[in-house]
């Protein structure tokens, strides 16, 4: 199973457009089940002083972990650039999933990282930060990180991604599936 995560909890974020498209590209290229999960669907009780104990983990987070993280052998995180890195909700979600069944959630899983930015660097710095976290928890990061830059110029007025970017995303997806 492959899980694709839209890495922001911001409603109506452009990240969701790219994440859904990437999930669709992967679905068309594999027989594996593909799950799409948006961090805008993370429960509000994810953050608490008790979250760092198994008994304090949100029941909804445990369900999400059991359905989309533990069964996945590959995980894609599409992370927009927030303040020179990736959104805090991504780190909070990973932290929340590290309390129970740590090895089953992260160990030896393959991760692809895609950055989204309105600027020129496609969140490369954030992808490097996120790579460090994934490596620390025992995941294996696909070396071909995909920065998608200047998203305002590659999205049409009706939020369609331009063909050149879709081709680049497809090549990345094909490489990740072979990884």
Put in order of increasing Cβ neighbours within 10 Å, starting from the fewest, 110, 74 give 110, 74
The helix 14-29 Cα axis meets the longest alpha-carbon principal axis of the chain at an angle in degrees, between 0 and 90 and rounded to 10, of 90 degrees
Here the gain from full extension of residue 11 to residue 83, 0.36 nm per residue of separation minus their alpha-carbon distance, amounts to 24.1 nm
So residue 33 and residue 107, fully extended at 0.36 nm per residue minus their Cα-Cα distance, gain in nm 24.6 nm
Ranked by GNM mean-square fluctuation in the chain (Cα springs under 10 Å), the top entry among 153, 38, 131 is 153
Helix 88-97 sits off the longest principal axis of the Cα atoms of the chain, rounded to the nearest 10 on a 0 to 90 degree scale, by 40 degrees
Taking 0.36 nm per residue of separation between residue 48 and residue 98 and subtracting their Cα-Cα distance, the length gained on full extension comes to 16.5 nm
Between the Cα axis of helix 163-178 and the main Cα principal axis of the chain, the angle (0 to 90°, nearest 10) is 40 degrees
Of 161, 26, 114, the most mobile residue in a GNM of the chain (C-alpha springs, cutoff 10 Å) is 161
Using alpha carbon centers only, region 138-153 is separated from region 62-124 by a whole-angstrom value of 12 Å
Taking the chain and counting helices only, DSSP H stretches of n ≥ 4 at -39,500 (n - 2.57) each over all residues, the nearest-500 ellipticity at 222 nm comes to -11500 deg cm²/dmol
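Laboratory data are not the source of any read-out in this text; all were calculated from the coordinates shown. Since the model is a prediction, treat every value here as computed from it, not as a measurement. A quick note on method: Cβ atoms are made from the backbone with ideal geometry, for glycine too, and the neighbour counts reach across all protein chains shown.
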